[in-house]
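Shown next, in structure tokens, is the structure this report addresses.
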Amino acid sequence: MPELPEVETVRRGLAPVMEGARIVEAEQRRPNLRFDFPEDFSARLEGRRIEALGRRAKYLLADLSSGDVLVMHLGMSGSFRVVEGPDTLAPGDFAHARSKNPRHDHVVLHLETADGAPAHIIYNDPRRFGFMTLVPRAGLEAHPLFAHLGLEPLGNALDGAWLASAFAGRKTPLKAALLDQKLIAGLGNIYVCEALWRAKLSPMRAAGTLVTRSGKPSVAAVRLADAIREVLAEAVAAGGSTLRDHARTDGSLGYFQHSFAVYDREDEPCRHPGCRGTIARTVQSGRSTFHCRTCQR
């Protein structure tokens, strides 16, 4: 599933075309994706202007002039293509390109952009694990999709002091705590593995060990907060990562996978200078954890 940097990359690719555009026509080509589309889905979109395109955790949020928010989730294989004029940009020759089979084009938004030009946003999803729904902006934060979500990790609010307050007294493994969406929204398996490696922290250690007896953040907590922000920022700048079939909106794939230090590098040498360890793979809560047993403590 695309993680936060991938979704943020998609948002940035869609925003220049979608923001300020009017939805002339909304084609809904099937009754459902993961869930049923809301009643009168197309009618509630058509004629509306897209005021802004945001993101919350792994959800894309298009604020409409009607006061509704179009909530979009990519699921496992969902992607958007942007068609402006006669051409669709899809540069790159990659082994795991995302589907462009029109049979899986389930939603098409025909737009009049802010400049008055025609454009088309095409949602393609072979596995149909993604979904779209409409939620009133006034009740968005209380909606079941969002009410439980924790802190957004891209901002400066995530620091050592915040981690200390969130992890105080927790005996759960550090990796599990970082993946808890009720604490931190949008962090996924790839970037947690990478951040823990950068911070030289074991994914198995108890989350509460990052807090001193006085309740202050340890040096390790500060190091981890910095590592999380750095990894996410670098991944967004690189266009995200491509595992199997994640694609950016122009059809090209993310490049951050070329910077992986631990993820999917089982039995390869650790890249920390001076470390003679090798990368191990361990299963935690049904997910693969990649880490160095030598330098991650």
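No value in this document is a laboratory result; all are computed from the given coordinates. Here the structure is a predicted model, which means the values were calculated and not measured. Backbone-built Cβ (ideal geometry, glycine too); neighbour counts: all protein chains shown.
Treat every Asp and Glu Cβ in the chain as -1 and every Lys and Arg Cβ as +1, leave all other atoms uncharged, and give the resulting dipole magnitude about the Cα centre to the nearest 20 debye. Walk me through the numbers before you get to the answer.
Working: 39 positive and 34 negative charges, 340 e Å.
Around 1640 debye, computed over the chain.
Summing -39500 (n - 2.57) over the DSSP H runs of n ≥ 4 in the chain and dividing by its residue number, what mean residue ellipticity at 222 nm do you reach, to the nearest 500 deg cm²/dmol?
Details: 6 runs with 63 residues, N = 297.
Dividing the helical sum by the residues of the chain leaves -6500 deg cm²/dmol.
Rounded if a/c is under 1.5, else prolate if a/b is larger than b/c, else oblate: which is the stretch 1-82, with a ≥ b ≥ c the root eigenvalues of its Cα gyration tensor?
On the way: a/c = 1.80, a/b = 1.17, b/c = 1.53.
Oblate.
State the label only: which of (i) 1.01; (ii) 0.94; (iii) 1.06 corresponds to Rg/Rh (Cα atoms, Kirkwood Rh) computed from the shown model?
Recomputing Rg/Rh (Cα atoms, Kirkwood Rh) here picks out (i).
Using Cα springs under 10 Å in a Gaussian network model of the chain, which residue among 267, 40, 226 shows the largest mean-square fluctuation?
40
So which trypsin sites (Lys or Arg not before Pro) in the stretch 118-172 end up in coil per DSSP with only 11 or fewer other C-beta atoms within 10 Å?
Numbers: sites: 127, 128, 137, 170, 171; in loops: 127, 128, 170, 171.
Answer by residue number: 171.
Springs between alpha-carbon atoms under 10 Å, Gaussian network over the chain: tell me which of 180, 159, 36 tops the mean-square fluctuations.
Between 180, 159, 36, it is 36 that shows the largest mean-square fluctuation.
Place a +1 charge on the Cβ of each Lys and Arg in the stretch 4-139 and a -1 charge on the Cβ of each Asp and Glu, then give the dipole magnitude about the Cα centre in debye, rounded to the nearest 20.
Details: 19 positive and 19 negative charges, 107 e Å.
My answer is approximately 520 debye.
In the neighborhood of residue 226, defined by Cβ-to-Cβ distances under 14 Å, what is the net charge if each Lys or Arg adds +1 and each Asp or Glu adds -1?
On the way: positive: 198, 200, 223, 229; negative: 159, 194, 230, 234.
Neighbour charge sum, excluding residue 226 itself: 0.
Check every DSSP H run in the chain and write down those whose alpha carbon atoms cover 18 angstrom or more along the long axis and whose mean Kyte-Doolittle hydropathy is -0.5 or greater. Working shown, then result.
Numbers: long enough: 4-18 (21 Å, 0.24); 219-237 (27 Å, 1.16).
Correct list, ordered by number: 4-18, 219-237.
Given contacts defined as C-alpha pairs under 8 Å and at least six residues apart, what's the relative contact order of the chain, whole-number percent? It would help to have the intermediate numbers written out before the result.
Values: 644 pairs, mean separation 58.0, N = 297.
Computed value for the chain: 20 percent relative contact order.
Restricting to Cα pairs below 8 Å that are 6+ residues apart, what does the relative contact order work out to for the stretch 158-226? Please round to a whole percent. The partial results should precede the final answer.
Values: 97 pairs, mean separation 34.4, N = 69.
Reported as a whole number, the value is 50 percent.
Loop sites only, by DSSP: take the chymotrypsin sites (Phe, Trp or Tyr not before Pro) in the chain that have at most 15 other C-beta atoms within 10 Å and name the longest stretch containing none of them. Before the final figure, lay out the partial values.
Values: sites that count: 35, 94, 129.
By the stated rule (loop sites, at most 15 other Cβ atoms within 10 Å), 130-297.
Counting only pairs 8 or more places apart or on different chains, how many lysine pairs in the chain have C-alpha atoms closer than 21 Å?
Details: 58/175; 58/182; 171/182; 171/200; 171/216; 175/200; 175/216; 200/216.
The number of close lysine pairs in the chain is 8.
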